[in-house]
Amino acid sequence: MDDCRRISRRVVLASAAFSFGAAAAATVVSQTAAQQKLSQADAKYQTTPKGDQRCDGCVNFQPPNACKFVQGDISPNGWCQLFAAKS
Ligand code: SF4
């Protein structure tokens, strides 16, 4: 009986450790993904278009107000040096 208790306690602890590890790994992955985005300053982001180039015409724009590669709120009327026109 004592062995059963020990085993089940071990299983519970191992499964808790695995759950914590998986959650920690997910957090690290999401932080890494967020950190891979450039700051608006580094991307030379501006809230106004550059000529006829604007975020809502860029393949990297994620409506309503995000970008795949630049951090923070992104205006559909904005622009940065990573602009890539939708085809
Ligand atoms: S122009 Fe720059 S900030 Fe705007 S969507 Fe494209 S890559 Fe993102």
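Readers should treat all values here as calculations from the given coordinates under stated rules, not as data from a laboratory. Because the structure is predicted, anything quoted here is derived from the model rather than measured. A quick note on method: Cβ atoms are made from the backbone with ideal geometry, for glycine too, and the neighbour counts reach across all protein chains shown.
See the values below:
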{"read-out": "Amide H partners (placed H, <5 Å) of Cys58, local residues excluded", "value": "Lys86"}
{"read-out": "Packing rank of 50-61, 72-83, where each peptide gets the mean count of other beta carbons within 10 Å, highest leading", "value": "72-83, 50-61"}
{"read-out": "Net lengthening on full extension, Ser87/Leu38 (0.36 nm per residue, minus Cα-Cα)", "value": "15.3 nm"}
{"read-out": "Whole-Hz ³J(HN,Hα) from phi, Karplus 6.51 cos²θ - 1.76 cosθ + 1.60, for region 38-46, glycine and proline x", "value": "6, 5, 4, 5, 5, 7, 6, 5, 9"}
